[in-house]
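Each remark here refers to the structure printed beneath this line.
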Amino acid sequence: MSYRIAVLCSGRGSNLQALLDAIASERLPAQIVGVFSDRAAAPALQRARDAGLPANALRPRDFAHRLAFDEALFTQIDAVQPDLIVCAGYMRLVSEREVDARRGRMINIHPSLLPAFKGLHTHDQALAAGAIVHGASVHFVSAELDGGPVIAQARVPVHADDDAQALTARVLVREHPLLVESVRLLALGRVVLSSAGILLDGVLMQTPLQLDAAGQLRVPEAA
Ligand code: GRF
């Protein structure tokens, strides 16, 4: 039976599109069974509809508090029976109760080399800190913001004349293969979250996998 993915998005949806394209070209053995958003106008939802997928939006302001919103959202998500939930540009914190109930089954893509630069405006943070290397991370979601175990990273150089826009674009093109390849390892059952940490092919990972120039995930040399 095919591996079932639910995707949460708040905006543009280019990472969702990367997953859709990889599935369509049979590079990713999976199916997307639902796309969910906290913003009805998110372009990501239109990408889902264009692909013939269910696109669902719930408005946070229709709910009394975060817990009620998340309960309604995750009730909808559970109804499509996902094996994996991918937060791809989902801009809301997920409540601890929902996160804890889905440990090892929910991932997020974050535009920095975690643990550096959590939260928002990561490219500005990297430039302000004078970083010479920046990038993106795919990690299991935990109750701590951008704090769960990191599966894989893509590194990009920061150029001396970079502004946030240039750096954002350089990172984004690497996010797409990073997410697709990370999801592929999960779909194949090669990456699993255990109580000890992340297992790759049954072996505890010491450091995150790294995306190479060819867009493949590699075990770091030093590991
Ligand atoms: C990406 O940079 C992702 O890392 C961050 O939000 C952005 C979403 O972009 N969490 P998109 O909606 O996938 O185009």
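Which residue out of V133, V180, V150 is at pLDDT 95 or above and in contact with a helix residue (DSSP H, G or I) (Cβ under 6 Å, 6 or more places away or on another chain)?
Working: V133 fails: in contact with a helix residue (DSSP H, G or I) (Cβ under 6 Å, 6 or more places away or on another chain); V150 fails: in contact with a helix residue (DSSP H, G or I) (Cβ under 6 Å, 6 or more places away or on another chain).
The unique qualifying residue is V180.
Counting only strands (runs of 3 or more DSSP E) wholly contained in region 95-200, the ones carrying 1 or more residues that are closer than 25 Å to Q216 by Cα, open to solvent by less than 20 Å² (accessible area, probe 1.4 Å) and more than 16 Å from the ligand (Cβ to nearest atom) occupy 191-194, 197-200.
Listed here are the strands (runs of 3 or more DSSP E) enclosed by region 1-87 that have at least 3 residues being more than 13 Å from the ligand (Cβ to nearest atom) and open to solvent by less than 70 Å² (accessible area, probe 1.4 Å): 3-9, 30-37, 55-57.
In region 148-199, what count of residues is obtained for those that are touching a Lys or Arg at 6+ places or on another chain (Cβ under 6 Å) and without any contact (Cβ under 8 Å) to a residue 40 or more places away in the chain? I'd like the intermediate steps shown before the answer.
Of region 148-199, the ones touching a Lys or Arg at 6+ places or on another chain (Cβ under 6 Å) are 154, 156.
Subset that is without any contact (Cβ under 8 Å) to a residue 40 or more places away in the chain: 156.
So the answer is 1.
Which one of S37, S14 is in contact (Cβ under 8 Å) with a residue 60 or more places away in the chain and among the polar types (S, T, N, Q)?
Numbers: S37 fails: in contact (Cβ under 8 Å) with a residue 60 or more places away in the chain.
Selected residue: S14, the only one of S37, S14 that is in contact (Cβ under 8 Å) with a residue 60 or more places away in the chain and among the polar types (S, T, N, Q).
Starting from residues that are of a type outside the set (A, V, I, L, M) and in contact (Cβ under 8 Å) with a residue 12 or more places away in the chain, keep the ones in region 47-68 and report whichever is farthest from N15 (Cα to Cα).
Here is the first cut: in region 47-68, the ones of a type outside the set (A, V, I, L, M) are 47, 49-50, 52, 54, 56, 59-63, 65-66.
Subsequent filtering for residues that are in contact (Cβ under 8 Å) with a residue 12 or more places away in the chain retains 47, 54, 56, 59-60, 66.
Values: R47: 11, P54: 17, N56: 17, R59: 22, P60: 23, R66: 25 Å.
Out of the qualifying residues, it is R66.
The values are calculated or read from the model by the stated rules, or taken from the named source; none is laboratory data. Bear in mind that the values here come from a model prediction, so they are computed numbers and not experimental data. Counting neighbours? That spans all protein chains shown, and the Cβs are built from the backbone with ideal geometry, glycine included. Surface accessibility is based on the protein's heavy atoms, side chains included, excluding ligands, DNA and RNA. Shrake-Rupley method; radii C 1.70, N 1.55, O 1.52, S 1.80 Å.
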